[in-house]
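The values are calculated or read from the model by the stated rules, or taken from the named source; none is laboratory data. Nothing here was measured: the structure is a model prediction, and the numbers come from that model. Note that we place each Cβ from the backbone using ideal geometry, even for glycine, and neighbour counts take in every protein chain shown.
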Amino acid sequence: PPCPSQGLMKGNEREEQGLGPEPAAPEQPTEEEEALIEFHRSYRELFQFFCSNTTIHGAIRLVCSQHNRMKTAFWAVLWLCTFGMMYWQFGLLFGEYFSYPVSLNINLNSDKLVFPAVTICTINPYRYTEIKGKLEELDRITEGTLFDLFKYNYSNTLGAHPRSRRDLRGTLPHPLQRLQVPSPPHKARKARSADSSVQDNNPQVNRKDWTVGFQLCNKNRSDCFYQTYSSGVDAVREWYRFHYINILSRLTDGSPSLKEDALGNFIFTCRFNQDSCSQANYTRFHHPMYGSCYTFNNHKNSSNLWMSSLPGINNGLSLVLRTEQNDFIPLLSTVTGARVMVHGQDEPAFMDDGGFNLRPGVETSISMKKEGLDRLGGNYGDCTENGSEVLVKNLYGSKYTQQVCIHSCFQESMIKECGCAYIFYPKPKEVEYCDYLKHTSWGYCYYKLQFAFSSDSLGCFTKCRKPCSVTSYQLSAGYSRWPSVTSQDWVFQMLSRQNNYTINNKRNGVAKLNIFFKELNYKTNSESPSVTMVTLLSNLGSQWSLWFGSSVLSVVEMAELIFDLLVITFLMLLRRFRSRYWSPGRGSRGAQEVASTPASSLPSRFCPHPTSPSPSQPGPAASPALSAPPPAYATLGPRPSPLGSAEPSSSACTMGEP
């Protein structure tokens, strides 16, 4: 009770009057009773409780050593340094995880293998006798150019009389010219060795001091440049090829093509796994530079795909090819033999990029080893599954490969910048192939784009992402003379009787090709994440145990500590905010209100009580200073006595009453 001395005296008087003891007042709840949710009153109390009860090693030393400031400081610094080292290691582990490293796994497998697609081309786009009328003007200008530049009479080959280029000036744009090379500096000329002085005195050497090329200009001829070559052979062939592309773009689909349209006219024999090939095993297409091409075992014949169950030369593809150069375009087809490429079933054949030539009179044996590569996409690598997210339209209509994307990207740039399509790549239906009769400056635009493409200024290599799954074939070649000297007579006789082969050509008109698997074991390289979530959690747990010797529950304790810190901070700020802004006028006005309140009107629980009451002390005792009471104390009336019979003055604390 708030007034123990007064209550004791009152109780004695009641006992003397025979009324019995005063009934006890109901117990009031104390502040020590626990509530449903409690928080510590201060930061010191919180940290002391945490250090005394946590399972983290070393924290208890902060409390046990509190009477020794040096030890407390030592353990506090050591604990903080350990904490910092641990979280520094955590940062390294998280940095490694979010860098998404990969590991390369190599798997060796052995099973029956699907034989790849094989494309073979004749290296001659058209028979010269059938397209000679289209090339007549170009051949005459080429004849004059060779005579003017190199004093070479080409009339025997072309069947025309030599003529000067002056007679044909202006007939075709972009004539081939001789360009003088800038002379080297004076010091460089003096530095030439004595061995070269004899060669310098040769009158023919001056031809090495100039290059050959042709001029290309933009549409309004405000900018021009020369496409030059140091080799006369390269210059003539590239210049002839440039004009041939313009002529080729004017040819319709019904234009003459090679007579080797039938498989038997180009391929004498074809066998796979000792079985003869049929028409269902190949498809044909025409290439602007390599002529008639035949693809064996492609995806269009998926029901009849070849399978290899045994390795070796006798369990693969064997071909005997015609390599005669009768009626070849002399200035365009400068290579004899055939063009071959090995690729996947659903991939187009890029004969310029991945093909190789077969030599006539030679048996070429190609052994293969299959390899697969599976890349990780998403955060682990910049690859694509099917090219759907690549911002380049697939003009080939085939499976996505990086080469397909790069060629499509160049064609898109060609159409956008030059207004026409390059004839060696597929084009949209509404776009025309380039021809300087319709697009006068396309050559200037094309060579500029070629330079920008090679330097990746077009961004094609950046746009075209690598496919996530790639299958490749590692090739190794072996060569031998075929047919041999002892067997060539009967072999050529059989080819002549059965395939109309010209015996006079002998080994210059025939070649043999063998393609087979070297072994059925194939290697698959697959990427996997180096650091997974499980690995990360394991490494974090190892670091936590290393520095603090604790477990996951210790982490929960740390989280609880941080939460309590935030709650205590929030409550302190809220209390300060309420005291400052939610009780306006509680300054001097509240103090005057409390000072003017009589003691009899205050509730007994706010009255001070003497610690040792003395009944013999005369007069009223000096009242101690009152602490600041709650607001609106003036409205509080005297509390009635529990029995209702006490005097009103007895309900208040009279300090002078004995």
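Residues in region 478-496 include at least one that is aromatic (F, W, Y), more than 35 Å from the chain's Cα centre (by Cα) and either surrounded by fewer than 17 Cβ atoms within 10 Å (Cβ to Cβ) or assigned by the TED database to the domain that holds W88 (or both).
If only residues of region 389-417 that are among the β-branched types (V, I, T) and within 27 Å of S441 (Cα to Cα) are counted, the one that is farthest from the chain's Cα centre (by Cα) is I415.
Restricting the first member to region 302-315 and to residues that are touching a residue at least 60 places away in the same chain (Cβ under 8 Å), and the second to residues that are part of a helix (DSSP H, G or I) and surrounded by 16 or more Cβ atoms within 10 Å (Cβ to Cβ), the beta-carbon pairs closer than 7 Å and six or more apart or on different chains are S308/N315. Of the residues in region 497-512, at least one is at pLDDT 85 or above and in contact with a Gly (Cβ under 8 Å, 6 or more places away or on another chain). The residue list S278, S249 contains one member that is within 43 Å of the chain's Cα centre (by Cα) and modelled with pLDDT under 90, which is S249. Here L108 passes the criteria (1) surrounded by 11 or more Cβ atoms within 10 Å (Cβ to Cβ); (2) among the hydrophobic types (A, V, I, L, M, F, W, C); (3) more than 17 Å from P529 (Cα to Cα) except the one numbered (1). In this entry, V118 passes the filter for residues that are of a type in the set (A, V, I, L, M, F, W, C) and surrounded by 15 or more Cβ atoms within 10 Å (Cβ to Cβ). Being surrounded by 15 or more Cβ atoms within 10 Å (Cβ to Cβ) and within 30 Å of P467 (Cβ to Cβ) is the requirement here; does M307 meet it? When the stated conditions are applied, M307 does not pass them. Taken over region 46-84, the residue count meeting the criterion of being in contact (Cβ under 8 Å) with a residue 24 or more places away in the chain and under 15 Å from S550 (Cβ atoms) is 8. How many residues are within 18 Å of L248 (Cα to Cα), without any contact (Cβ under 8 Å) to a residue 60 or more places away in the chain and surrounded by 18 or more Cβ atoms within 10 Å (Cβ to Cβ) if we restrict to region 428-457? Matching residues across region 428-457 total 3. Return yes when I141 is at pLDDT 85 or above and in a helix (DSSP H, G or I) and no when it is not. In short, yes.
Listed here are the residues, each with its yes/no results for (1) of a type in the set (S, T, N, Q); (2) on the phi < 0 side of the Ramachandran plot; (3) part of a helix (DSSP H, G or I); (4) at pLDDT 80 or above.
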{"position": "R14", "(1), (2), (3), (4)": "no, yes, yes, no"}
{"position": "P26", "(1), (2), (3), (4)": "no, yes, no, no"}
{"position": "T30", "(1), (2), (3), (4)": "yes, yes, no, no"}
{"position": "Q66", "(1), (2), (3), (4)": "yes, yes, no, no"}
{"position": "L78", "(1), (2), (3), (4)": "no, yes, yes, yes"}
{"position": "F90", "(1), (2), (3), (4)": "no, yes, yes, yes"}
{"position": "I106", "(1), (2), (3), (4)": "no, yes, no, yes"}
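Counting only strands (runs of 3 or more DSSP E) wholly contained in region 319-417, the ones carrying 3 or more residues that are buried (at least 21 other Cβ atoms within 10 Å of the Cβ) occupy 338-343, 362-374.
Would you please name the residue that is farthest from D352 (Cα to Cα), looking only at residues in region 404-443 that are β-branched (V, I, T) and out of contact with any Phe, Trp or Tyr (no Cβ under 6 Å at 6 or more places or on another chain)?
Going through the qualifying residues, I end up with T440.
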